[in-house]
Amino acid sequence: MKIDLHSHTYYSDGQLSPKELIDRAHNMQVNVLAITDHDTVDGINEALDYQASLRREMQIMPGVEISTSWHNFDIHILGLHVNHGDTQFLARLAQQSAERDRRAQEISDKLAKVGIAGVFEQAKELAGVGQITRAHFARVLVNRQLVNDMEAAFKKYLGKGKKAHVKPQWISIQEAVTWIQDAGGKAVLAHPGHYDLTTKWLKRLVAEFAQVGGDGMEVIHSHLSPEKKKLLADLASEHDLLASSGSDFHYPNRWTELGKNLTLPSTLVPIWRDWNLSGMI
Ligand code: AMP
Ligand code: MN
Ligand code: MN
Ligand code: MN
């Protein structure tokens, strides 16, 4: 069974519509797909409606990826199996969305100061119905041929300490865990191997996340060395965190694919342990 619990649509910085994402997952023989856009559940109803209109053996799991600030790092917390219609949850996510708009305006102001004007409007246009993210700014800078690729846009302008970096004011990890659990979901530490943290700080992050009541962590995600995989599995065991895995798919490319290479180590307890998956697939 292929289970992929981390993916994006154009409701945040993914490039596919919910329909296109679901069709692709189906083609990749994914059985369970969580849609986890940044700070929004706006694409979920569209995804569920589309899926319901088809006779396919695939389950769509409502999810979200919440941005948090922790010691000057952006840490992402996935909310899986959330009640995406919960009014309190929606109001809370709207606060994060407002912070995205505020920060975007400020990033644009900083870019204007180094002679790159009018980026906000273009980034907003690219974002369309979705949350505005730094990935949209990166795409504008690439389109204007100011940098060669998105990676370079982060290195030169958008990353921490760079010319157009703006310190975000996201909620704390503890708040994100509370928001997710209040909405009936499981809180999962996203891609722990992706943060620019030393092993000492990574251990501290996982310990704090578990301490504030986090449910699980991704132990399999893209770009992980065998050593890092082992460390993440050990940390999950040590802190009794459930294990999750996801592709973090944003758009078709050479490196990531929906549902690919996501098998969890058999020693860990999967986050879907208590979910009724067999009834739906
Ligand atoms: P934001 O949540 O608005 O700060 O935007 C962060 C998003 O930008 C992440 O979710 C990634 O999808 C993308 N991103 C972050 N760093 C890079 C990078 N170095 N190269 C390309 N995309 C990146
Ligand atoms: Mn993203
Ligand atoms: Mn993330
Ligand atoms: Mn993600």
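Bear in mind that the values in this text are calculations on the coordinates, not laboratory data. Everything numeric in this text was worked out from a predicted model, so none of it was measured. FYI the Cβ positions are ideal-geometry reconstructions off the backbone, even for glycines, and counts take in every protein chain you see.
General observations
- In the range 39-73, GluC sites (Glu not before Pro) in a DSSP loop with at most 16 other beta-carbon atoms within 10 Å: GLU57
- Crossing angle, helix 173-182 versus the chain [Cα axis fit, 0-90 degrees, rounded to tens]: 50
- Close amide-amide hydrogen proximity is noted between MET61 and LEU33, ALA34, ILE35, each under 5 Å apart and 5 or more residues distant or on a separate chain (H modeled in the peptide plane; Pro and chain starts excluded).
- The ellipsoid that matches the Cα gyration tensor of the range 82-153 has semi-axes, each √(5λ) in whole angstrom, of 28, 13, 9, with the longest given first.
- Lysines whose Cα lies under 21 Å from that of LYS167, excluding same-chain neighbours fewer than 8 positions away: LYS110, LYS113, LYS124, LYS155, LYS156
- In sequence order, calculated HN-Hα J values of the range 72-80 (Karplus, 6.51, -1.76, 1.60; Hz; x Gly/Pro): 6, 9, 8, 10, 9, 10, 7, x, 10
- Reduced Cα scattering model of the range 1-149, Debye log10 I(q)/I(0), q = 0.10, 0.21 Å⁻¹: -0.39, -1.28
- Restriction of the chymotrypsin sites (Phe, Trp or Tyr not before Pro) in the range 202-281 to DSSP coil positions whose beta-carbon has at most 12 other beta-carbons within 10 angstrom yields TRP255.
- The ellipsoid equivalent to the alpha-carbon distribution of the range 173-275 has semi-axes of 21, 17, 14 angstrom, derived from the gyration tensor eigenvalues as √(5λ) and listed largest first.
- Compactness of the chain - radius of gyration and Dmax, Cα, Å: 18.2, 57
- From helices alone, the chain scores -11500 deg cm²/dmol at 222 nm; the rule is -39500 (n - 2.57) for each run of n ≥ 4 DSSP H residues, then divide by the residue total.
- Dipole of the range 1-140 computed with +1 at Lys/Arg Cβ and -1 at Asp/Glu Cβ about the Cα centre; of LEU21, VAL32, HIS71, farthest Cα towards the positive end is HIS71.
- For the range 68-157, the list of trypsin sites (Lys or Arg not before Pro) that fall in a loop by DSSP and count at most 16 other C-beta atoms within 10 angstrom reads ARG144.
- All lysines inside 24 Å of LYS230 as judged from Cα atoms, apart from same-chain residues fewer than 8 positions distant: LYS2, LYS186, LYS200, LYS203, LYS260
- Of the residues ALA94, ASN253, LEU232, the one whose Cα sits farthest toward the positive end of the charge dipole of the chain, with +1 on the Cβ of Lys and Arg and -1 on the Cβ of Asp and Glu, is ASN253.
- Computed over the range 96-232, Cα set: Rg, Dmax in Å: 17.3, 47
- Residue with peak Gaussian network fluctuation, the chain [Cα springs, cutoff 10 Å], from ALA123, ALA25, ALA98: ALA98
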